[in-house]
Structures are given as C-alpha cells and as structure tokens.
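Input: a single structure, listed below in structure tokens.
The values are calculated or read from the model by the stated rules, or taken from the named source; none is laboratory data. None of the values given here were measured: they were computed from a predicted structure. Here the Cβ positions follow ideal geometry from the backbone for every residue, glycine too, while neighbour counts run over all protein chains shown. What goes into the accessible areas is simple: the full protein's heavy atoms, side chains included, and nothing from ligands, DNA or RNA. Shrake-Rupley method; radii C 1.70, N 1.55, O 1.52, S 1.80 Å.
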Amino acid sequence: MSKKNEYQGHLIREVYPDSIAEAMEIEPGDVLLRINNQKIEDVFDYRYMIKDEYVEVLIRKPDGEEWLLEIEKEYDDDLGVEFENGLMSDYRSCSNKCIFCFIDQMPPGMRETLYFKDDDSRLSFLQGNYITLTNMKQKDVDRIIEMQLAPINISVQTTNPELRCKMLHNRFAGEKLKFLDDLYAGHVEMNGQIVLCKGVNDKDELKRSIEDLMKYLPFMRSVSVVPAGLSKYREGLYPLELFDKEEAEEVIDLIESYQKKAYDEFGLHFIHASDEWYILAERDFPEEGRYDGYIQLENGVGMMRLLRDEFYHAFKELQESEEYPKLKEGIARTFTIATAKLAYPTIQEFADRITEAFPKVKITVACIRNDFFGETITVSGLITGQDLVAQLKERKEAGEDLGDTLQIPINMLRSGEEVFLDDLTVQDVEEALGMTVKAVESGGKDFLDAALNLDYHTERNNENFVYIKAYDREDE
C-alpha cells in the first residue's frame, strides 16, 4: 500500500476554549488517530464514536509522541475540536447531470469552486445540503440507520423511477428511491425537496410524488416544492420554461389540498410551496402555523412570512415604547437598501412603514435587476457586484440621492467573506459608489434596528467592512 493511502489520522485545526479537548491539553496541530481503538473513516464515525460517556482517544503530538486519553463525560458531549477537513475525508462530487442544475447554467470564467457539484450525504447532516442518494451504497444507508444520523435532506424530484432517471440523467437514479423505504423502516428523520420543472414533473407527476412521499410520514417531516431556477446560460441544455401566474396558482392549490390531509392525520402540513410560488401567483403567504416551525426555511419556504411577522412585531413594540416620541424626532438619515425582485415588494413595504413613522428618515429601496445571470433570476443571493455597481451608479448619475450607506443582504457575499459572486469585493463596490457597504443578515427586528441605526450589534472585520444583524435573505 502506498503512503498516500495509509491511514494518517485527522489533523486538528482548532480547539474550543473551555472544552474537553482543552482540558485534556489537546492542541491545534495534534492528530486524532483512534477512538476506542478504532480508526475514524469520516465525520460520521467520529460523531458516532465520541458519543459515549467513557471514551479512549489516541492523539499524536507534532513531535510524534502518542497520548492515550481516557475521558469521562456526558453522553453526546463533543471533544470541542475542529478538523482541518470538515468531512474528515474527501468530498463526494455529483454523478448526475440534472436537467435543471444551476451550476450547468453558470457562465465560463468564474472561480473554480463555483463549478463544483457536491452530492455528499455527510454535508446533508453538517450543512443541511440536499442530496440525490445516487452516490450512496447500501452500506452507507445502513450506517446512517445504525448511527441514527438525522435529519437527512433528500432531493427527490419525482417518485416515478423512469422519470427520475431522465431528470437526473443517471440510469441508477430510479432504483435509489428504495433507500427511502430503508430510511423509513429505520425511523430516520427525513426532509424532501422537489425542484419543479414545467411539463416534466408537475401536474399529475407532482400529485403522484406527493401521494407516494406521504407514505413516509411521520419520519419524512416535510417536502418543499421549488421552481427550477433558469439563467440565460442554457444553450445546449434541456429546454425548460418558466411557470406563469395561472400555473403557480395550480401548484399552490394542489399543495394546499394535501396539507389538510397530512395535518389531520399526522399533525404536520408536510408539503410546502416555496415563497416564489405565492409571489408569482400574487397571493398572500400562508399563516405562520402552516410552516410547521419553518422546517424548510433554508429552502425558501416561509422566509417572507417570518420576515414580515418579525418586522411588524418589532415595529409595534417600538411604537408602543416610551422612547418612540424621542426617536421619531431624533433619528435622521438617508441610505439605500439593495435587494432583488423576489423580496423587493416586501422590503419596499417595510421602508414605507418606517419613513411614515420617522419623517427624518429617507430610504431608497433599489431593486437590482440580474443582468449577469438573466432577469429570470430574482433572488438576492445571485446578485453580483457588477450589477450592483452599474445600476446604482446609473441612479446616482441621474441625480438621485442614495445617501452615504448601502445595505445589502449578507447572502450576496461568499459565506464569511467580503467577496461577491463575481469576485468583486466589498471595498471594490465602496470605491466605485462612494458609499459605505454594510452587509446585513436576516430577521425582521434586525432589519428595523439597522434601518433606524438603533443599538444593534456590529462586528467590524476590518476598517471597511461591517456586519449588521438585519434583514432579507433568500437562498436559491
């Protein structure tokens, strides 16, 4: 066996303060070799082996010395370490070529990481990613059941095996649906996703999929239905079309008809339409109770309802507070909020409520058109720095007063960094527009606090970049 394939253990990158690892004098640069005398294949093994109240952990120090640590702890307590590789093994790339895949709709010349397709079940547990099951073998499913890892998020698309093979362009995609039966029998909690493609898996096929998936209740806790995102870069790809208002209404009606059936029997509404359908159909979003605790929030289900409810609750509390009269007269600022088409009506509504209540506050809500990917892309997470700069520059040159601050939703930037999707930085945008850019997170109360420049939490990463806990995130 070559040295490359020999088991080398797992390098520890970080040790959390006040953790078990710190107490045991484990340090960054140490290598985890074994737990209870067993090798650790990946993060699944680690999470499973470390659970017990008594564990023996073998660590190798940078000088080659090995420490065998006997640890007594609470059940499920972690060591408190981060590894150099979060999965503790290589990432599994996607083996499908889905007819709706957004990565296939990316223009050439972007950074290499944007073209990587993952389909790794471990990322489902760690990051909430949705997987197709096509990369999994029976032993992988058996291990999930044995370890009771949950929830697992599954991109189903359709329960028609032949159609699933066609949609994923993978001849094994249909037979992998059998893993749903295994996970159900093993009492593993699941969430599902259906990316709806017009004329492909909608109408009767959608009805079939919903009815088939309801058989996995209550262990399949939810299924979201989201429309396929279509960019302008689809040359040579499967011909797909956008849904219209009437078709969106049909999708909603079908989904809501099954929600009542599921709730009556299991106390879960189960099947959910993403926010895009309600906006396209020009219907109000469902009430909070129908989202089952916002179980599919990160999939664009209920984001706008939650944002609205949080904002108006915070707005009412503020107006009823003793400080309100003083704030009303004292707060004066002019600034701009940039968002995308999907959230624009809601953000504009919030801005109107604020400026009505605070006469010295002026807010411009800029709806940024997605010229980079095409106008059919309406979520803020896919707005590029160049579109932001070009369209706001045009407004400034036309004499519009945008103020000295530009607030953007944090999902316009790469996670944890100051870089837009097209590699422009926050500093690039600030210099081009002559404005301070403040990236803000989701939350209705935070949106209000940031808009009024109240006592909200700020964290300065460097002299040009400020995070503000605030508003408006939609994930593609």
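Among the residues of the range 391-421 satisfying the criterion of being open to solvent by 10 Å² or more (accessible area, probe 1.4 Å) and touching an Asp or Glu at 6+ places or on another chain (Cβ under 7 Å), which is nearest to PHE373 (Cα to Cα)? Going through the qualifying residues, I end up with ASN411.
Pairing residues of the range 73-87 that are under 19 Å from PRO28 (Cβ atoms) and touching a residue at least 60 places away in the same chain (Cβ under 8 Å) with residues that are aliphatic (A, V, I, L, M) and open to solvent by 60 Å² or more (accessible area, probe 1.4 Å), at Cβ distances under 7 Å and at least 6 apart in sequence or on separate chains, gives PHE83/LEU11; GLU84/LEU11. From the list ALA351, ALA338, the lone residue that is within 21 Å of the chain's Cα centre (by Cα), at pLDDT 95 or above and of a type outside the set (Val, Ile, Thr) is ALA338. Within the range 370-416, the set of residues being over 23 Å from PRO345 (Cβ atoms) and touching a residue at least 24 places away in the same chain (Cβ under 8 Å) comprises GLY385, GLN386, VAL389, LYS393, LYS396, ASP404, LEU413.
For VAL188, the test of being assigned to a loop (DSSP other than H, G, I, E, B) and of a type outside the set (Asp, Glu) is passed. Which residues, counting only those in the range 215-233, are open to solvent by less than 40 Å² (accessible area, probe 1.4 Å) and of a type in the set (Phe, Trp, Tyr)? Of everything in the range 215-233, just one residue is open to solvent by less than 40 Å² (accessible area, probe 1.4 Å) and of a type in the set (Phe, Trp, Tyr), namely TYR216. Evaluating LYS198 against the criteria (1) assigned to a loop (DSSP other than H, G, I, E, B); (2) closer than 28 Å to GLU146 by Cβ leaves one unmet condition, (2). Checking ASP212, ASP142, ASP202 one by one, the residue that is surrounded by fewer than 16 Cβ atoms within 10 Å (Cβ to Cβ), closer than 26 Å to LYS260 by Cα and not basic (Lys, Arg) is ASP212 and no other.
Given the condition in a helix (DSSP H, G or I), open to solvent by 60 Å² or more (accessible area, probe 1.4 Å), touching a residue at least 12 places away in the same chain (Cβ under 8 Å) and acidic (Asp, Glu), answer yes or no: does some residue in the range 250-259 qualify? Yes, there is a match, as at least one residue in the range 250-259 is in a helix (DSSP H, G or I), open to solvent by 60 Å² or more (accessible area, probe 1.4 Å), touching a residue at least 12 places away in the same chain (Cβ under 8 Å) and acidic (Asp, Glu).
Just checking, does the range 260-271 include any residue being under 25 Å from GLY381 (Cα atoms) and at pLDDT 95 or above? Spell out the reasoning first.
Step one: list which residues in the range 260-271 are under 25 Å from GLY381 (Cα atoms), which gives 271.
Filter once more, keeping what is at pLDDT 95 or above: 271.
Yes, the range 260-271 contains at least one residue that is under 25 Å from GLY381 (Cα atoms) and at pLDDT 95 or above.
Scanning the range 277-298 for residues that are surrounded by fewer than 22 Cβ atoms within 10 Å (Cβ to Cβ), assigned to a helix (DSSP H, G or I) and not aliphatic (A, V, I, L, M) gives TYR278, GLU288, GLY289, ARG290, TYR291, GLU298.
Of the residues that make up the range 122-138, is at least one at pLDDT 70 or above and farther than 30 Å from LEU196 by Cβ? Spell out how you get there, then give the answer.
Filtering the range 122-138 down to residues at pLDDT 70 or above leaves 129-138.
Imposing the further condition that a residue be farther than 30 Å from LEU196 by Cβ reduces the set to none.
Looking for residues that are at pLDDT 70 or above and farther than 30 Å from LEU196 by Cβ, one finds none in the range 122-138, hence no.
Note on the range 6-48: residues that are at pLDDT 90 or above and acidic (Asp, Glu) total 6. Which of (1) surrounded by fewer than 20 Cβ atoms within 10 Å (Cβ to Cβ); (2) touching a residue at least 60 places away in the same chain (Cβ under 8 Å) is the odd one out, the single condition LEU168 does not satisfy? The failed condition is (1). Any residue in the range 146-157 that is part of a loop (DSSP other than H, G, I, E, B), out of contact with any His (no Cβ under 8 Å at 6 or more places or on another chain), open to solvent by less than 80 Å² (accessible area, probe 1.4 Å) and modelled with pLDDT of 95 or more? Yes, because at least one residue in the range 146-157 is part of a loop (DSSP other than H, G, I, E, B), out of contact with any His (no Cβ under 8 Å at 6 or more places or on another chain), open to solvent by less than 80 Å² (accessible area, probe 1.4 Å) and modelled with pLDDT of 95 or more. For the range 70-88, the candidate set comprises residues that are modelled with pLDDT under 85 and on the phi > 0 side of the Ramachandran plot; within that set, the residue that is most open to solvent (accessible area, probe 1.4 Å) is ASP76.
Scanning the range 353-375 for residues that are open to solvent by less than 60 Å² (accessible area, probe 1.4 Å) and in a helix (DSSP H, G or I) turns up ILE354, THR355, ALA357. On the basis of being more than 21 Å from CYS94 (Cβ to Cβ), at pLDDT below 95 and either out of contact with any Asp or Glu (no Cβ under 7 Å at 6 or more places or on another chain) or of a type in the set (Lys, Arg) (or both), does LYS215 make the cut? Criteria not met by LYS215. Among the residues making up the range 300-341, those that are under 28 Å from GLY434 (Cβ atoms) and surrounded by 14 or more Cβ atoms within 10 Å (Cβ to Cβ) are ILE331, ARG333, THR334, PHE335, THR336, ILE337, ALA338, THR339, ALA340, LYS341. Going by the conditions given, is GLY302 touching a residue at least 12 places away in the same chain (Cβ under 8 Å) and under 25 Å from the mean Cα position of the chain (by Cα)? The answer is yes for GLY302. So in the range 171-183, with the set limited to residues that are in a helix (DSSP H, G or I) and in contact (Cβ under 8 Å) with a residue 12 or more places away in the chain, which one is most open to solvent (accessible area, probe 1.4 Å)? Filtering first and then ranking leaves GLU175. The number of residues in the range 305-332 being touching a Pro at 6+ places or on another chain (Cβ under 9 Å) and more than 21 Å from VAL361 (Cα to Cα) comes to 1. Pairs linking a residue in the range 94-106 that is closer than 21 Å to PHE243 by Cα to a residue that is among the β-branched types (Val, Ile, Thr), with Cβ atoms under 7 Å and 6 or more positions apart or on different chains, are PHE100/VAL195. Checked against (1) in contact (Cβ under 8 Å) with a residue 60 or more places away in the chain; (2) outside any strand (DSSP E or B); (3) in contact with a Lys or Arg (Cβ under 9 Å, 6 or more places away or on another chain); (4) not aromatic (Phe, Trp, Tyr), LEU237 passes all but a single condition, namely (3). Tell me, which residue of the range 40-69 that is exposed (fewer than 12 other Cβ atoms within 10 Å of the Cβ) and assigned to a loop (DSSP other than H, G, I, E, B) is nearest to the chain's Cα centre (by Cα)? My answer is GLU53.
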